[in-house]
Amino acid sequence: MVSELIKSALGRLRIIAFLEGVSYLVLLGIAMPLKYFAGLPQAVRVVGMAHGILFVLFVILLVQVATEKSWSFKKSALSFVSSLLPFGTFYADSRWFRN
């Protein structure tokens, strides 16, 4: 199934959206508590860097797919805003990113 998703821009967006969503939850739910309650700031550095790279990839792919599929501004903007909210990319995938 993953090999089929990689073939299209929308499929790549779905994969990156999932990974970005997971990295965001790990950052908020694991790395931040480790930093503030256990004194381990390295967790935020590592997970934060990974999340930042995935976020940038998400935005690039979102622009590509929105252009390719002629998405409305509203759908594109809501897809972007979903990446700023915890669990947002999972909602966006189920609502807008599936064929």
Next on the checklist: Under 5 Å between amide hydrogens, which residues at least 5 positions from Ser83 or on another chain qualify, with H placed 1.01 Å from N in the peptide plane?
Outcome noted: none
Checklist entry - For the chain, what is the largest minus smallest coordinate of the Cα atoms on each principal axis, given in angstrom and ordered from greatest to least? => result 47, 29, 20
Checklist entry - Arranged by the count of other C-beta atoms within 10 angstrom, fewest first, what order do Tyr24, Tyr36, Tyr91 take? => result Tyr36, Tyr91, Tyr24
Checklist outcome for this item: Computed, not fitted: 222 nm per-residue ellipticity of the chain from DSSP H runs ≥ 4 (each -39500 (n - 2.57)), nearest 500, equal to -22500 deg cm²/dmol
Checklist entry - How far is helix 9-26 tilted, in degrees, relative to the longest principal axis of the Cα atoms in the chain, given as a value from 0 to 90 rounded to the nearest 10? => result 20 degrees
Item to check | Glu68 paired with Leu40, simple spin-label distance in nm, labels 7 Å along Cα-to-beta-carbon | outcome: 3.8 nm
Item to check | Residue-count net charge about Phe90 - beta-carbon cut-off 13 Å; Lys, Arg +1, Asp, Glu -1 | outcome: +1
Checklist entry - If you place +1 on the Cβ of every Lys and Arg and -1 on the Cβ of every Asp and Glu, how big does the dipole about the Cα centre of the stretch 7-99 come out, in debye to the nearest 20? => result 200 debye
Next on the checklist: Running a GNM on the chain with Cα contacts under 10 Å, which residue among Leu62, Leu13, Leu25 ends up with the highest mean-square fluctuation?
Outcome noted: Leu25
Checklist entry - Residue-wise, which Karplus ³J(HN,Hα) couplings in Hz belong to the stretch 40-49, taking 6.51 cos²θ - 1.76 cosθ + 1.60, θ = phi - 60°, and x for glycine or proline? => result 10, x, 4, 4, 5, 4, 5, 5, x, 5
Checklist entry - What list do you get for Arg14, Arg45 if you sort them by fewest beta carbons within 10 Å? => result Arg45, Arg14
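The numbers here are math on the coordinates, done by the rules we state, and not lab data. Just so it is clear, the model here is predicted, and its values are computed rather than measured. Methodologically, a virtual Cβ is constructed for each residue, glycine included, from the backbone with ideal geometry; neighbour enumeration extends over all protein chains shown.
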